[in-house]
Amino acid sequence: MADIEWPWQYQFPPFFTIQPNIETRKKQIEAWCSLVLSYTRQQKTYSIDVRESQNSPLFNNKAINRKLSMDCILTVLEELRKTGHLEWTDNKTKKQCLVMWRTPEEWGKLIYSWICSRSMNNTVCTLFELTEGEESEGTEFHGLENWLLLRALKSLESQELAELMSFDGSDGVKFF
């Protein structure tokens, strides 16, 4: 927990109980959403197992002996889904979800900006080169999970800025 920058609310016991006042609750849910995105970003994690989440430092502050209830966790995660930052892997049971601290479109813009800054337009890259290659080391998308990379590249493809392709058993992308 030492390397995480927790917001002030995380040390405030009422933060762990959904507030009855509508305006206060709205701000509280926004703060929780921001915390979830910040936490997953700092941890470079892209999924949450809801069954185990109550025991994670994200929703359980042992220092003040407070944790968010399962209903409250689901409320926060559902709000993230509405904003496009979360997707349930199992819509019926809602036990597992994918978290996108950046939307696929935001990742696409970031990748395309990097491609343009390196004058790599009209070149073909493998997906591995983009997320694991030496040239991308130090970028925010280095180590990006494949499912999210594909969505980011598809968003670029829909804007006609890139084209996904397969060659010699490898997946790649051409940037325009």
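When segment 26-48 is examined, which residues are found to be open to solvent by 20 Å² or more (accessible area, probe 1.4 Å) and in contact with a Ser or Thr (Cβ under 9 Å, 6 or more places away or on another chain)?
Residues satisfying the conditions are Tyr39, Ser47.
Give the number of residues within segment 72-85 that are in contact (Cβ under 8 Å) with a residue 24 or more places away in the chain and over 20 Å from Gly143 (Cβ atoms).
Final tally of qualifying residues: 8.
Name every residue in segment 53-81 that is over 25 Å from Lys154 (Cβ atoms) and open to solvent by less than 10 Å² (accessible area, probe 1.4 Å), in order of residue number.
If the condition is that a residue be over 25 Å from Lys154 (Cβ atoms) and open to solvent by less than 10 Å² (accessible area, probe 1.4 Å), then Ser53, Leu58, Phe59, Asn61, Leu68, Ile73, Val76 are the ones that fit.
Give me the pairs, please: first residue somewhere in segment 136-153 and more than 19 Å from Ser119 (Cα to Cα), second residue anywhere and part of a loop (DSSP other than H, G, I, E, B) and not charged (D, E, K, R), beta-carbon distance under 6 Å, and either six or more positions apart or on two chains.
Glu145/Tyr46
The values are calculated or read from the model by the stated rules, or taken from the named source; none is laboratory data. All figures in this text were calculated on a predicted structure; none of them were measured in a lab. Cβ: placed from backbone, ideal geometry, glycine included. Neighbour counts: every protein chain shown. Heads up: the accessible areas ignore ligands, DNA and RNA and are worked out on the full protein's heavy atoms, side chains in. Shrake-Rupley method; radii C 1.70, N 1.55, O 1.52, S 1.80 Å.
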